Amino acid sequence: MEGLSLTTIGLGLIISGAAYGIGRIAQSAMEAMGRQPEISSKIQTAMIIAAALIEGAALFAIVVALMKG
Amino acid sequence: MQHIRLFIALSVLWAITQNSFAADTHGDDSEKEFDPMEMIMHHIADSHEWHVVSYNSNGEEKHITIPLPVILIDNGLHVFMSSAFHHGEELVKKGDTYYKLYHGKIYRTDASGTIAYDDNHEVTNSKPLDFSITRNVASMWLSIILIIWLFTSAAKRYRGPPSAPKGVQSFVEPLILFVRDDIAYAQIDKHKADRFLPFLLTLFFFIWINNLLGLIPFFPGGSNLTGNISLTLVLALITFFVTNFSGTKSYWGHIFWMPGVPVPIRLLLSVIEFIGLFTKPFALMIRLLANITAGHIIILSLFSLIFVMKSIAIAPVSVLMVLMMFMLELLVAVLQAYIFTLLSALFIGMAVASEEH
């Protein structure tokens, strides 16, 4: 452990961004499900796909950070 | 009858393992400082032997491991059991070359077993082509046998006249229907979906069962198979090939010559869409790998807390947290299998979509 490196800060930023994005998706999806409970399964699928795409972007960043660091 | 068969299978397994288990002793390292990073990496990485249990007898640390076959191609084919390495303590001589097992990898060495390093502390010894049946390969074969048994025994019930589901059939039938209706039919045009259903079902159950086997902490499980990049790479490549080989004219048209936009944007979009062809399976590969490996690392780190703190008082806290993580990992195991299958179905669905929207 050589203390706080730029990689560590970068990883923290990646996680914050991804968590914010996925949180917003979940929030909107739940609001939409509350308004339209009859199509909640469709909303859920769309929510998971969008969350997976954000997660994919975050994972790219994490892989690059780990390879550089 | 079922119980007798199970008993015989277990006794045969016991007999085999009794004979081939090499209970080796390692003296004088019981006072060694515990290194959580080393322990975690050892569990995450692939290895040439399948560790069953370690125990302490009269102050000596003993390991029981199942040796696995090593297959090297290096001026001819060399096949021997990994027990010949004695956990890396002894060299194996085949032809004129000596081989040494060092941190799970096999290197060529000289007669005294020297391992050389460069400035970055990377091993500079050359490696032979290694086609060994490693722990991950053995674990994969085990899971394949399990999957074939599960599904052939369920499928047998559909031969006769229709009847209510029974036994293992009532476990797999809802799952198969879930994959068919909520993944395949939801993402792929219904009249084209049946062609891809066997692939999607295999993907879902292979990933899920291997995720679950990886969570079993002792012998038949415990290998980090779905957290191995080679395996996720191959799964993602299969999805890539299935998607692109079944792509319609309009799919390729939308990639290289997007209809309905000005020409400069078409050129720009064709570059982006072409890169997108490869980033999609790449994301599939990394997602599964990262999720499963991260779960294993978290569980092992929480366990390491006890040994890092060197206190039994921390054990209840640690065990509770590990239990919580295990519950979460059970969810992640099925969620990752679902997401991998869903995204594969989505990509295939985009590739085979009909012209009329």
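Rounded, prolate or oblate: which fits segment B:49-133, taking a ≥ b ≥ c as square roots of the Cα gyration tensor eigenvalues, rounded meaning a/c under 1.5, else prolate when a/b beats b/c? It comes out oblate by the Cα gyration axes.
Accessible area of residue B:190 (1.4 Å probe, protein heavy atoms only, ligands and nucleic acids ignored): about 130 Å².
Between residue B:159 and residue B:177, the contour length at 0.36 nm per residue exceeds the Cα-Cα span by 4.7 nm.
Rolling a 1.4 angstrom probe over the protein heavy atoms with all chains in place gives chain B an accessible area of 57 Å² per residue. Of the DSSP H helices in chain B, those with a Cα length along their own long axis of 18 Å or more and a mean Kyte-Doolittle hydropathy reaching -0.5 comprise B:2-20, B:135-155, B:190-215, B:229-245, B:263-309, B:315-352.
Interface residues of segment A:20-60, defined as those losing at least 10 Å² of solvent-accessible heavy-atom surface relative to the isolated chain (probe radius 1.4 Å), are listed as A:45, A:48, A:49, A:52, A:53, A:55, A:56, A:59, A:60.
Note on residue B:112/residue B:89: beta-carbon distance plugged into 1/(1 + (r/R0)^6) with R0 of 22 Å gives a FRET efficiency of 0.95. Comparing the full protein assembly with the isolated chain, the residues of segment B:258-306 losing at least 30 square angstrom of accessible surface (1.4 Å probe) are B:282, B:286, B:287.
Counting only protein chain heavy atoms and rolling a 1.4 Å probe, the accessible areas of B:195, B:157, B:135 rank, largest first, as B:195, B:157, B:135.
For segment B:213-357, the share of accessible area belonging to carbon and sulfur comes to 83 percent (1.4 Å probe, ligands and nucleic acids excluded).
In summary, the lysines within cross-link reach of residue A:42, defined as a Cα separation below 21 angstrom excluding same-chain residues under 8 places away, comprise B:190, B:192.
Here the spin labels are modelled as points 7 Å beyond Cα on the Cα-Cβ line, and at residue B:307 and residue B:39 they lie 0.3 nm apart.
Rounded, prolate or oblate for segment B:139-279? Axes are the square roots of the Cα gyration tensor eigenvalues, ordered a ≥ b ≥ c, and the cut-off for rounded is a/c under 1.5. Oblate, because a/c is 1.5 or more while a/b does not exceed b/c. Tell me: how much accessible area in total is hidden between A and B, 1.4 Å probe, Å², nearest 100? The buried area between A and B, both sides summed, comes to about 1000 Å². Distance between the modelled labels on residue A:45 and residue B:216, one decimal in nanometres: 3.4 nm (7 Å Cα→Cβ projection).
Taking 18 Å as the limit for the C-alpha separation, the pairs B:105/B:127; B:62/B:310; B:62/B:93 exceed it in the case of B:62/B:310; B:62/B:93. Between residue A:64 and residue B:103, the FRET efficiency from the beta-carbon distance, with R0 = 25 Å, is close to 0.50. For chain A, the mean residue ellipticity at 222 nm estimated from helices alone is -31000 deg cm²/dmol, where every DSSP H run of n ≥ 4 contributes -39500 (n - 2.57) and the total is divided by all residues, rounded to the nearest 500.
Each other residue within a Cβ distance under 14 Å of residue B:138 adds +1 if Lys or Arg and -1 if Asp or Glu, for a net charge of -1. Counting only protein heavy atoms, what percent of the accessible surface of segment B:49-133 is carbon or sulfur at a 1.4 Å probe? Ligands and nucleic acids excluded, carbon and sulfur reach 49 percent. Mind checking the per residue accessible area of chain A for me, 1.4 Å probe, whole number of Å²? Value returned for chain A: 69 Å² of accessible area per residue. Net charge in the neighbourhood of residue A:52 (other residues with Cβ under 12 Å of its Cβ; Lys, Arg +1, Asp, Glu -1) is +1. Accessible area per residue was computed with a 1.4 Å probe on protein heavy atoms; residue B:101 scores about 20 Å². Given R0 = 56 Å, the distance between the Cβ atoms of residue B:245 and residue B:60 translates into a calculated FRET efficiency of 0.45.
The values are calculated or read from the model by the stated rules, or taken from the named source; none is laboratory data. Predicted, not measured: the structure shown is a model, and the values here were computed from it. As a convention, Cβ positions derive from the backbone with ideal geometry for all residues, glycine included, and neighbour counts pool all protein chains shown. Surface accessibility is based on the protein's heavy atoms, side chains included, excluding ligands, DNA and RNA. Shrake-Rupley method; radii C 1.70, N 1.55, O 1.52, S 1.80 Å.
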